[in-house]
1. Mind listing the long-range amide H neighbours of TYR95? Cut-off is under 5 Å, sequence gap 5 or more, other chains count too, H placed in the peptide plane at 1.01 Å from N.
2. Using θ = phi - 60° and the Karplus relation 6.51 cos²θ - 1.76 cosθ + 1.60, list the HN-Hα couplings for the range 42-49 in order, rounded to whole Hz, with x at every Gly or Pro.
3. Residues with beta-carbon under 13 Å from that of ARG42, excluding ARG42: net charge, scoring Lys, Arg +1 and Asp, Glu -1?
4. Using a 1.4 angstrom probe on the protein heavy atoms only, could you order ILE89, ILE21 from most to least accessible area?
5. Give a residue-ordered list of calculated ³J(HN,Hα) values for the range 11-19 (Karplus: 6.51 cos²θ - 1.76 cosθ + 1.60, θ = phi - 60°; whole Hz; x for Gly, Pro).
6. Stretch GLU80-LYS101 to full length: gain in nm at 0.36 nm per residue minus the Cα-Cα span?
Amino acid sequence: MSDDDGLPTFVEAVLEVVDSIPPGRVLSYGDVAALLGTRAARAVGSTMRRYGHAHPWWRVVRSGGLPPMGHEARARAHYEAEGTPLRAISREPGYAVDYAKAMWHPSHPDAHDERTDHSR
């Protein structure tokens, strides 16, 4: 099933959730999946790899608050610009998002409808 723009409905839903995450806040791949009523965290990751470049991809983190793999330096610049709480860790990349402080808690189930446009 696809939306009007040709993207699969799941992809559109993931990107809507990601677009709704406020600056300085994050969700994990599993959190995004849970908001969509699924346990498909890996599918969220695949969606972000394929379609997330024009969206605030740095606001979706791996478990433990680790930034998206392969984009650690670029993500850190975004986190610092947005004031996202970070913590030092002993392994690469040397930092992680302080997930307990930075996790976004949508105010209601349809919160992803209140999104910000991050298109180019």
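1. ILE89
2. Computed from phi, the couplings for the range 42-49 are 5, 5, 5, x, 4, 4, 5, 4 Hz.
3. The answer is +4.
4. My answer, sorted largest first, is ILE89, ILE21.
5. With the stated coefficients, the range 11-19 comes to 4, 4, 5, 4, 5, 5, 5, 4, 5 Hz.
6. 6.1 nm
The values are calculated or read from the model by the stated rules, or taken from the named source; none is laboratory data. Every value quoted in this text rests on a predicted model; they were computed, and no experiment measured them. Methodologically, a virtual Cβ is constructed for each residue, glycine included, from the backbone with ideal geometry; neighbour enumeration extends over all protein chains shown. Just the protein is used for accessible areas: all its heavy atoms, side chains included, with ligands, DNA and RNA removed. Shrake-Rupley method; radii C 1.70, N 1.55, O 1.52, S 1.80 Å.
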